[in-house]
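A short worksheet on the structure shown next.
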Amino acid sequence: LTSEHDNMGGLIALMLTFMTPTIPLFFLKQGKVRLAGMVFIISTWLLTSVALLVSSGANTMLGSLYIAVITMALLFFGWRTSLFCIAVTLVYTFILSAVDLASIPKIFAITPFVSWILLCLSLVLVLIPIGSMYSALLTALDYSKEQLSAREKAEQALRDNEERFRLITTATSDYSFS
């Protein structure tokens, strides 16, 4: 019975793993990029949460998968969504740590609360440089927009000057020949 139960759990996990990118691809093909990103991030977070719950609770390294989800949220949607993902992740993993999941055998010799603190530290250590890069990219994008705007203004001024010069030369050549 346990072997049959394990096979069914593995089959469900495999189906969920393949469905996680499939549904967002469907939305992506319809041109719904933002919705596809949201569905992908939410489904990846849920898949990670379920895997964390059924494995060994907060004492496993599966919690590090949240870093990828939070990083994707930052890149796709910005700081607010990323901070929301961090908050939800920390609350969820804290609850897992507080409950201690006594029925699940302990793999590592650290307590669930220490594991949760390590997850918090790893999130901070990874996201600070990524946040800094994101901020730098936004600054570079703003600078590029300013440069493009200035270049477009200069090109328009050049076109205006060329038009005035053409009118002057046309009027001058007409005057000189009459």
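Before moving on, here are some points about what is shown:
- For the condition more than 23 Å from the chain's Cα centre (by Cα) and either at pLDDT below 80 or closer than 14 Å to Ala73 by Cα (or both), Leu35 does not qualify.
- Taken together, Asp160, Asp100, Asp142 contain a single residue that is open to solvent by less than 90 Å² (accessible area, probe 1.4 Å), over 25 Å from Gly37 (Cβ atoms) and at pLDDT 90 or above, which is Asp160.
- Thr81 being in a helix (DSSP H, G or I), in contact with a helix residue (DSSP H, G or I) (Cβ under 6 Å, 6 or more places away or on another chain), modelled with pLDDT of 85 or more and closer than 19 Å to Cys120 by Cα: yes
- Single unsatisfied condition, Ile110 versus (1) at pLDDT 80 or above; (2) part of a loop (DSSP other than H, G, I, E, B): (1)
The values are calculated or read from the model by the stated rules, or taken from the named source; none is laboratory data. Because the structure is predicted, anything quoted here is derived from the model rather than measured. Cβ coordinates were reconstructed from backbone atoms using ideal geometry, including for glycine residues, and neighbour counts include every protein chain displayed. Accessible surface is based on the protein model in full, side chains and every heavy atom, while ligands, DNA and RNA are left aside. Shrake-Rupley method; radii C 1.70, N 1.55, O 1.52, S 1.80 Å.
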